[in-house]
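Here's the structure we're looking at; comments come further down.
Every number in this text was worked out from the coordinates using simple rules, so none of it is lab data. Owing to the predicted nature of the structure, the values given are computational and were not obtained by experimental measurement. Quick reminder, even Gly has a Cβ in these numbers, built from the backbone with ideal geometry, and neighbours come from all protein chains shown.
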Ligand code: THU
């Protein structure tokens, strides 16, 4: 499945012949029908969840900045703590398919209702979509900066690396 969002130059891969492609970044504008398609992809993959312990299947779908749609479903385990949330599979598919950034995300339960990604998975999504990732939440579409405020992320690690480089251990003669 491949959505054709009107998000950024290059994303709308097949413009109609009479449309001029403007070579600039355009503010994300994904229509409700695109969101509906994304949710349909989440519902479809939810049906393939392996959730015999919780009986709570979850499906997740996201749009990537190159127009791909990636999906995932939860996969549980007899050792309960080993559960893989739907978002784990989605992120794995993102990278297995060549990487990229997530731009739009939704996940659903077995009743086909939109649900919130769990706390751990918000962190996972933040890593691969950042503050601007749009999430269809139980209270409407929100940027990740609201779904996971003041998030810890890759930039924080860079900051610490810089600080250590200048610290007492730099040079390492011990
Ligand atoms: N689950 C997900 O797959 N993603 C979430 O964001 C919330 C929770 C799964 C994990 C477990 O298999 C089931 O839902 C019940 O917690």
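A few comments on the model shown:
- Computed label-point distance, nm, for sites residue 159 and residue 66 using a 7 Å Cα→Cβ extension: 3.2 nm
- Full extension of the segment from residue 40 to residue 116, taken as 0.36 nm per residue of separation minus the current Cα-Cα distance, would add 25.7 nm.
- Label-to-label distance, nm, for residues given as residue 80 and residue 139 (7 Å Cα→Cβ offset): 3.0 nm
- Three-way shape call for the stretch 72-143 based on the alpha-carbon gyration tensor, with the a/c threshold at 1.5: oblate
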